[in-house]
1. Return the residues of region B:37-57 that are of a type in the set (Val, Ile, Thr) and assigned to a helix (DSSP H, G or I); say none if nothing qualifies.
2. If we only count helices (runs of 4 or more DSSP H) wholly inside region A:108-212, which ones have 2 or more residues that are touching a helix residue (DSSP H, G or I) at 6+ places or on another chain (Cβ under 8 Å) and surrounded by 24 or more Cβ atoms within 10 Å (Cβ to Cβ)?
3. So which residues in region B:72-87 are touching a Gly at 6+ places or on another chain (Cβ under 8 Å) and either in the same structural domain as residue B:181 (by TED's automatic domain parsing) or surrounded by fewer than 24 Cβ atoms within 10 Å (Cβ to Cβ) (or both)?
4. Could you check region A:39-69 and list, in sequence order, the residues that are of a type in the set (A, V, I, L, M, F, W, C) and outside any helix (DSSP H, G or I)?
5. Filter region B:59-75 down to residues that are over 8 Å from the mean Cα position of the chain (by Cα) and part of a helix (DSSP H, G or I), then give me how many there are.
6. Residues A:72, A:36: which one is closer than 19 Å to residue A:134 by Cβ, in a helix (DSSP H, G or I) and modelled with pLDDT of 90 or more?
7. Here are A:82, A:92: which of them is surrounded by fewer than 20 Cβ atoms within 10 Å (Cβ to Cβ) and in a helix (DSSP H, G or I)?
8. Search region B:80-102 for residues that are more than 11 Å from chain A (Cβ to nearest Cβ) and farther than 15 Å from residue B:43 by Cβ and pair each with any residue that is part of a helix (DSSP H, G or I) and modelled with pLDDT under 90 when their beta-carbon atoms are under 6 Å apart and the residues are at least 6 apart or on different chains.
Amino acid sequence: MKTGDLINALVEDQGIKEPLFGLRLGVRMVAGLAVSLVIFFLFLGVRADFQTAMTDPHVVFKFIFAASLFGSLLPMVVYAVRPEIHLASLMRWFVLPLLVLGSGVASQLLTSPPDFWLSGMMGRYPTACLRNIPVLAIGPLTVLLLMLRGGAPTQPVATGAAAGAVSGGLAAFIYALHCPDDSALFVALWYSLAIGIVTVIGGVLGRYWLRW
Amino acid sequence: MHAFDTQTEALAVLLKKAKAGDALAYRSFFERLAPLVRGMARRGIGRVGTPMADLEDAVQETLLAVHLKRHTWREDQPIGPWIGAITRYKLIDLARKYGRRKEIELDETFDLATPEPEQPSLPEREMDRLLESVSETQRVIVRSISIKGVSIREVAGTMKMSEGAVRVALHRALKTLAEAYRRLET
């Protein structure tokens with residue numbers, strides 16, 4: 001087949017419109033989120049003392065941290081559908097969740113006596129955190145990877161990892177509604193670890209799924 | 001530099017028209033694009049040091065990718081970097097087949113590409129071998145439309161299929177071809 005022959009076929013194929021992934025993303029994100037919420041309400045549920053807990057700034061901190069991670073890395077995932085985008089240039093937004101995490105930890109260290117640091121960091125349910133955040137991330141991660149498959153990401157591993165981190169951030173936000181461990185030191189260790197697991201899974205899946 | 005600006009500007013105009021449904025514009029888009037991609041691919045392959053015999057395969061894979069991913073070009077963005085990135089990505093694919101993974105240093109300076117016409121009388125292309133991976137019907141459709149230059153309507157007539165079914169089969173075949181090429185890697 002000569003290149004001119006191939007062009008004949010490409011030109012004839014131009015009638016079929018590809019879906020607008022930008023438009024579909026919103027709908028699919030809601031679907032992915034719905035999966036997480038169903039799992040959440042079936043197996044976990046909102047903590048009983050939610051209203052009183054929210055008066056504690058370190059509980060609020062968990063949500064801010066999760067939201068900042070989600071918000072700062074979502075642009076990376078959305079832009080990654082375009083082949084000419086260099087993800088490294090978007091990595092600078094990652095300092096935002098790091099700053100949030102840093103100030104949360106600093107505040108925790110300043111407001112609680114050193115004797116409580118270790119017990120706060122280990123919390124009561126670290127293994128539940130490590131299990132639940134990745135499970136809650138499955139829906140959003142699937143949605144993001146499917147969306148990215150329709151695009152043209154040229155850094156498959158990094159793109160998958162970013163999708164994992166974003167999904168982990170969203171999952172952490174939902175899990176924080178349930179999680180009774182409120183120390184920022186717990187968040188710094190176990191939430192980060194759980195989100196890290198989802199990030200690695202995203203990177204590995206990206207390596208195989210996001211090639212084109 | 002100015003000559004290049006008008007080149008890419010023309011490509012952008014043509015692809016815009018093509019996306020709006022202008023088939024003639026789409027054809028001249030590819031006819032202008034192919035020599036540029038060829039020039040860039042020659043430089044890229046030369047830099048990586050893999051056989052130059054793959055040049056036309058790389059061009060064809062790039063054009064196929066440009067076609068299948070054309071919705072990822074945003075019309076308010078310059079088209080040069082977009083094409084450059086796709087070409088580079090496909091050249092990296094090609095380099096991987098030879099186990100060159102880490103050491104490839106390719107740039108995306110598509111604007112330095114020297115347009116280069118296709119060499120006449122080349123051996124069988126990779127694309128022909130890859131055609132073995134699609135179904136019999138799809139293969140006949142792709143061959144008729146590409147090599148024989150038959151229109152979708154005529155293919156539908158001879159194959160006793162609806163035009164819509166031929167369209168779908170053609171589109172699926174092209175997607176499968178792109179996938180099959182990727183799978184050739186180790």
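1. Those that are of a type in the set (Val, Ile, Thr) and assigned to a helix (DSSP H, G or I): B:37, B:45, B:48.
2. A:126-150, A:156-175, A:192-209
3. Hit for region B:72-87 is B:72, nothing else.
4. The answer is A:44, A:46, A:48, A:54.
5. Result for region B:59-75: 4.
6. None of the other options fit; the residue is A:36.
7. Within the list A:82, A:92, the selection yields A:92.
8. B:100/B:48
The values are calculated or read from the model by the stated rules, or taken from the named source; none is laboratory data. Here the structure is a predicted model, which means the values were calculated and not measured. With ideal geometry, Cβ positions are generated from the backbone for all residues, glycine too; neighbour counts draw on all protein chains shown.
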